[in-house]
Amino acid sequence: MIQTWLTNTFGLSVPVVSAPMAGVSGGALAAAVSAAGGLGMVGVAAASPDQLRAELDIAQASGKPYGVGLLAWLLPDNEELVDVAVESDAALISLSYGPYARYVERVQAAGKLVATQVGTIDDARAALAIGVDVLVARGGEGGGHGRNDVATLPLLQAVLDAVDVPVLAAGGIATGRGLAAVIAAGAAGGWVGTAFTVATEAANSKDAKQAVAAAGLADTTYTTVLDIGRGAAWPAEFGGRALNHPYAAKWHGREDELRANPEPIEQPVTWAGQAAGLVAKPRDAADIVKELATAETYLGAAAARTGK
Ligand SMILES: Cc1cc2nc3c(=O)[nH]c(=O)nc-3n(C[C@H](O)[C@H](O)[C@H](O)COP(=O)(O)O)c2cc1C
């Protein structure tokens with residue numbers, strides 16, 4: 001068994017967090033991941049407090065530790081979500097994408113750990129100054145929203161060198177090989193999104209799962225135009241990575257024109273990262289956790305190659 005800060009802190013058997021993903025990671029996915037030995041996260045956008053409470057109740061049913069991820073830029077209008085998270089049994093609370101500093105003390109005072117996703121070394125330094133407990137070094141190849149400035153591996157190396165708090169790696173991890181690579185580099189675990197979007201227990205549509213499973217490594221686009229088209233008020237520095245989409249092909253690079261003359265999006269958007277190309281078919285979350293757990297084999301093989 002791989003032992004890291006992550007597994008020791010939350011009593012996990014696999015150093016994996018399933019990423020909070022609004023519309024995908026409800027309580028059922030979080031419970032399934034936690035039951036399989038990882039740390040399952042519930043992710044919401046602008047949910048009602050009752051909706052979040054209901055999902056957290058489902059997550060808690062696994063009887064294992066779980067977490068919750070909130071989108072910081074939405075919290076000024078949805079502050080009750082912080083209260084629900086603080087009052088829950090969630091052990092880890094992610095506050096990502098937007099000004100989150102004012103919520104950190106409240107979460108920590110309730111005995112919970114705070115995570116945030118960082119996309120640059122400046123983000124990492126700011127998080128450290130704010131007192132975040134665990135940083136998620138999240139590279140631009142990741143699915144859904146975030147920065148596109150730096151890829152996972154260079155970001156992870158720089159963040160690990162720059163901070164002395166635990167660091168998880170996110171963006172592009174979908175197999176035991178990928179998890180082994182970031183653990184070998186010094187990460188306390190992987191924060192995995194796209195690979196879990198095809199889980200049987202995930203709340204997204206069957207069509208979305210099939211589309212991710214069918215996609216190749218180069219079949220995603222990072223852009224802000226999908227949000228402009230949806231009328232979603234994401235801060236401009238956080239674009240999103242989704243499966244290639246005719247709307248993105250048409251408007252990417254013409255953002256000002258689109259803002260001046262909005263055109264509705266007709267086909268659904270499937271947020272996913274480059275790891276979509278590593279995911280072959282929809283399957284149970286426990287199988288995905290099991291595949292990630294093969295990291296141990298690769299780490300063992302690497303150790304053997306060093307002759308020690
Ligand atoms: C469908 C989808 C929805 C997401 N929603 C959220 C979210 O609600 N909150 C959040 O903090 N991150 C969200 N993310 C980003 C993930 O937390 C994480 O950064 C990303 O999935 C990691 O890269 P990977 O997809 O290559 O594993 C989402 C990602 C995906 C794929």
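At a glance:
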{"item": "Restricting segment 279-305 to residues that are part of a loop (DSSP other than H, G, I, E, B) and β-branched (Val, Ile, Thr), the residue that is surrounded by the fewest Cβ atoms within 10 Å (Cβ to Cβ)", "result": "Thr294"}
{"item": "Selected residue (only one of Leu217, Leu155 is of a type outside the set (Asp, Glu), surrounded by fewer than 24 Cβ atoms within 10 Å (Cβ to Cβ) and within 14 Å of the ligand (Cβ to nearest atom))", "result": "Leu217"}
{"item": "Some residue of segment 80-88 being outside any helix (DSSP H, G or I) and surrounded by fewer than 24 Cβ atoms within 10 Å (Cβ to Cβ)", "result": "yes"}
{"item": "Lone qualifier among Ala54, Ala61 - being more than 15 Å from the ligand (Cβ to nearest atom) and modelled with pLDDT under 95", "result": "Ala61"}
{"item": "Identity of the residue in segment 7-25, under 13 Å from the mean Cα position of the chain (by Cα) and surrounded by fewer than 24 Cβ atoms within 10 Å (Cβ to Cβ), that ends up nearest to the ligand (Cβ to nearest atom)", "result": "Ala22"}
{"item": "Residue in segment 68-76 that is assigned to a helix (DSSP H, G or I), in contact (Cβ under 8 Å) with a residue 60 or more places away in the chain and more than 12 Å from the ligand (Cβ to nearest atom) present", "result": "no"}
{"item": "Odd one out for Val198 among (1) more than 20 Å from Val68 (Cβ to Cβ); (2) more than 11 Å from the ligand (Cβ to nearest atom); (3) not acidic (Asp, Glu)", "result": "(2)"}
{"item": "Unique residue being within 12 Å of the ligand (Cβ to nearest atom), surrounded by fewer than 21 Cβ atoms within 10 Å (Cβ to Cβ) and not hydrophobic (A, V, I, L, M, F, W, C) when the list is Gly140, Gly193", "result": "Gly140"}
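The values are calculated or read from the model by the stated rules, or taken from the named source; none is laboratory data. Everything numeric here is computed off the predicted structure, so don't read it as measured data. Positions of Cβ are backbone-derived with ideal geometry, glycine not excepted, and every protein chain shown enters the neighbour counts.
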